[in-house]
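Since the structure comes first, as structure tokens, the remarks are kept for the end.
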Amino acid sequence: MTSRSDIFDQDAGGRTPLFDAAARGDIECVRRMIFSLTGTGMCCQRLSLIGKKDASGLTAADLAEQNGHKEVADLLRSEQMRMEFFE
């Protein structure tokens with residue numbers, strides 16, 4: 001697992017480590033990443049990471065869904081909606 005400082009690092013395609021975990025369907029890694037970040041406040045880190053789009057305009061949830069990992073996609077989308085509701 002990457003450190004908290006590396007969690008926002010983007011590759012040349014604009015993808016973070018969350019994209020990689022989502023594409024693999026590694027739900028435990030996805031959970032560890034998103035829940036290691038604060039979910040409230042003026043600058044919601046968790047929402048920022050989940051909502052990040054790559055160079056193609058895809059989110060990690062989109063990538064999970066494309067790779068057949070519905071449970072991961074659902075987790076990311078539900079957490080994003082929850083964060084947006086409370087912001």
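Just so it is clear, none of the values below were taken in a lab; they were calculated from the coordinates. These numbers come from a predicted model, not from an experiment. Virtual Cβ from ideal backbone geometry, glycine too; neighbours counted across all protein chains shown.
What is the chain by shape, rounded, prolate or oblate, if you read a ≥ b ≥ c off the alpha carbon gyration tensor as root eigenvalues and call it rounded for a/c under 1.5, prolate for a/b larger than b/c, and oblate otherwise?
Details: a/c = 1.41, a/b = 1.21, b/c = 1.17.
Note, shape of the chain comes out rounded.
Taking 0.36 nm per residue of separation and subtracting the current Cα-Cα distance, fully stretching the chain between E28 and E71 would add 14.4 nm.
Counting neighbouring Cβ atoms within 10 Å and putting the fewest first, the residues T59, T38 line up as T38, T59.
Under 19 Å from a label point 7 Å along Cα→Cβ of A12: give me every residue in region 45-87 with its amide N that close. It comes to 54-58, nothing else. Available extension along the chain between E84 and S36 is 15.5 nm, counting 0.36 nm per residue and deducting the alpha carbon span.
Each Lys and Arg contributes +1 and each Asp and Glu -1, all at the Cβ; summed about the Cα centre of region 5-87, the dipole is approximately 120 debye. Determine the shape class of region 27-76: with a ≥ b ≥ c the square roots of the Cα gyration tensor eigenvalues, call it rounded for a/c under 1.5, and otherwise prolate if a/b is greater than b/c, oblate otherwise. Verdict is oblate for region 27-76.
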